[in-house]
1. Which residues, counting only those in the range 88-103, are at pLDDT 85 or above and surrounded by 15 or more Cβ atoms within 10 Å (Cβ to Cβ)?
2. Among (1) touching a helix residue (DSSP H, G or I) at 6+ places or on another chain (Cβ under 8 Å); (2) assigned to a loop (DSSP other than H, G, I, E, B), which single condition is residue 247 missing?
3. Determine if the range 230-237 includes at least one residue that is within 23 Å of residue 201 (Cβ to Cβ) and either modelled with pLDDT of 90 or more or over 16 Å from the mean Cα position of the chain (by Cα) (or both).
4. Tell me which strands (runs of 3 or more DSSP E) are completely within the range 104-216 and hold 3 or more residues being surrounded by fewer than 18 Cβ atoms within 10 Å (Cβ to Cβ) and modelled with pLDDT of 90 or more, or say none if there are none.
5. Can you name the number of the only condition in (1) more than 20 Å from residue 70 (Cα to Cα); (2) free of Cβ contacts under 8 Å to residues at least 40 places away in the same chain; (3) under 23 Å from the mean Cα position of the chain (by Cα) that residue 241 fails?
6. Go through the range 220-244 and give me each residue that's in contact with a helix residue (DSSP H, G or I) (Cβ under 9 Å, 6 or more places away or on another chain) and part of a strand (DSSP E or B).
7. So for the range 189-206 (the condition being in contact with a helix residue (DSSP H, G or I) (Cβ under 7 Å, 6 or more places away or on another chain) and at negative phi), does at least one residue qualify?
8. Does residue 269 count as within 9 Å of the chain's Cα centre (by Cα), closer than 15 Å to residue 70 by Cα and part of a strand (DSSP E or B)?
């Protein structure tokens, strides 16, 4: 775990450094350079030339922030690209996530904070007539009398550290990298209908995750900032316990862990952050 944490931290530092380099190229902000002077007697004197690159500030020390991020997505049979071979297909699903948060800038552009979360997922499948006659003669079947539905609610709490890099001299636009330690609990209900009879199972899921969430931010009002963040994965551990419809333990448990970095479309969050007692006004 310690080695993984060091690797993730190094990746964040490298990415922020690269953005800072790009910032200097785009906006003419030069990095600190070293001026070397050679004096008599072979003595070399090294003088640092300060270009004031650290004066670009997105958020100042001692600022408090509060805000909320949300995401929403749906999938229905109208979105299916296989409707040519499946008739009377009825399925749909949706996922909703709301995450309020608050934080404090302990240094310019560096903040720590906490985030609460609620995620709701629902999906159902009912009926489909499959006909592959156009591809393979004689293959045709129906799923009449078979149905599936799924319902899940999860609650989470997370601590995060966020580092901003402003992209302009006034600090109106910026990018950020965020490291997040999250714990969550969720309960899911899975139902399967066969021969007009429903069979159900319930699962409790406990999860601990260490995530990397980069994003972009821009001030739409002096103290109000719009953000878009992207979940790129990280290290996760899940513990799942299974019950029957009467909440009697069935003895089914599962433990698994995963380390993966990839874009998760369910972790694209749009949010609004309010900067309370903004220090930007005091600097003007």
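The values are calculated or read from the model by the stated rules, or taken from the named source; none is laboratory data. Since the model is a prediction, treat every value here as computed from it, not as a measurement. Note that each Cβ is placed from the backbone with ideal geometry, even for glycine, and that neighbours are counted across all protein chains shown.
1. If the condition is that a residue be at pLDDT 85 or above and surrounded by 15 or more Cβ atoms within 10 Å (Cβ to Cβ), then 95, 97, 98, 99, 100, 101, 102, 103 are the ones that fit.
2. Evaluating residue 247 over (1) touching a helix residue (DSSP H, G or I) at 6+ places or on another chain (Cβ under 8 Å); (2) assigned to a loop (DSSP other than H, G, I, E, B) leaves (1) as the failure.
3. yes
4. Here the list reads 110-126, 146-166, 173-194, 197-212.
5. It is condition (3) that residue 241 fails.
6. 229, 230, 233, 234, 235, listed by residue number.
7. No.
8. It is true that residue 269 is within 9 Å of the chain's Cα centre (by Cα), closer than 15 Å to residue 70 by Cα and part of a strand (DSSP E or B).
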